[in-house]
Amino acid sequence: ARGTHAGSCLHELLEYWDFQEDTAALVEHGLRRHRLYSEDAVRAVRQNLDDLKATRLPSLDARLDTAASDRHLSEWEFLLPLGRAGISGQALSDIFTRHARTDAERDYAVDLAGLAGQALSGMLTGYIDRLVHADGLWGVVDWKSNFLGSHYGDYTQPSLWRCATDQHYLLQVHLYLVALRRYLRLCATGTTTVSGHLLFLRGIRPGDDLGVL
């Protein structure tokens with residue numbers, strides 16, 4: 001199934017899964033609870049979860065069944081102070097331009113300048129889908145259930161980048177990284193935050209980078 005209802009179901013399954021336990025009961029209960037149950041749906045979702053746990057996060061040099069094995073790190077809430085000046089589209093554009101490494105990143109920096117509205121100030125709150133870690137390296141994962149097409153070829157890096165920039169998922173994951181870095185700086189020593197990951201669940205295929213941005 002597609003749409004926000006199916007997306008909520010997938011997010012809920014991943015919130016409570018440790019990427020190791022058998023998924024039969026979890027998937028059946030979740031699909032029935034969201035009124036999406038069918039034998040075909042069970043097979044499809046279980047296969048998707050099997051593919052997902054075997055997916056490697058290059059920056060951590062670890063598979064998800066290792067890096068995401070602590071389900072207590074799901075839906076990690078943060079409060080991020082934005083400072084007196086706050087943040088605006090133009091300020092974000094300036095920062096992203098300063099750190100851009102590619103033409104695509106520079107193009108996205110230009111897009112940020114067009115964000116409407118006044119500067120945001122005060123406290124930004126949010127929930128990170130999953131914190132992941134391996135050997136002292138940390139990252140954030142955001143699950144995306146977007147339907148980009150019916151074939152694996154619809155989930156290549158250019159397609160994922162286009163979706164992530166159009167929907168500002170890229171900005172979202174950067175804010176998550178700032179929150180995590182500040183938290184670890186306060187609470188942990190000998191750890192490093194290395195990257196954020198957008199995982200497009202419908203395009204995941206172990207052994208390559210399809211579905212992983």
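The values are calculated or read from the model by the stated rules, or taken from the named source; none is laboratory data. Computed from a predicted model, the values in this text were never measured in an experiment. With ideal geometry, Cβ positions are generated from the backbone for all residues, glycine too; neighbour counts draw on all protein chains shown. Only protein heavy atoms, including side chains, enter the accessible area calculation; ligands, DNA and RNA are left aside. Shrake-Rupley method; radii C 1.70, N 1.55, O 1.52, S 1.80 Å.
In the range 19-89, the portion of solvent-accessible area held by carbon and sulfur atoms comes to 46 percent [1.4 Å probe, whole percent, DNA, RNA and ligands not counted].
Ellipticity at 222 nm from helices only: DSSP H runs of n ≥ 4 in the chain, each -39500 (n - 2.57), divided by the residue count, give -13000 deg cm²/dmol. Estimated at 0.36 nm per residue, the fully extended path between residue 82 and residue 182 surpasses their Cα-Cα distance by 34.8 nm. Kirkwood hydrodynamic radius of the range 65-213, from the reciprocal of the average inverse Cα-Cα distance over all distinct pairs: 16.6 Å. At a probe radius of 1.4 angstrom, the accessible area of the chain per residue rounds to 55 square angstrom. When a 1.4 Å probe is rolled over the protein heavy atoms, the share of accessible surface on the range 134-213 that falls to carbon and sulfur comes to 51 percent.
Note on residue 40/residue 72: beta-carbon distance plugged into 1/(1 + (r/R0)^6) with R0 of 35 Å gives a FRET efficiency of 0.60.
Summarising the label geometry, the points placed 7 Å from Cα in the beta-carbon direction at residue 120 and residue 189 lie 3.4 nm from one another. With contacts taken as Cα pairs under 8 Å at a separation of at least 6 residues, the range 90-186 carries a relative contact order of 16 percent.
Report note on the peptides 109-116, 58-65, 183-190: ranked by the mean count of other C-beta atoms within 10 Å, highest first, their order is 58-65, 109-116, 183-190. Working from Cα pairs under 8 Å separated by at least six residues, relative contact order for the chain is 22 percent. Under 5 Å between amide hydrogens, built in the peptide plane, is the criterion, and for residue 138 it picks out 192, 193, 194 among residues at least 5 positions away or on other chains. For residue 33 and residue 127, a Förster radius of 25 Å and the Cβ-Cβ distance give a FRET efficiency of 0.80, rounded to the nearest 0.05.
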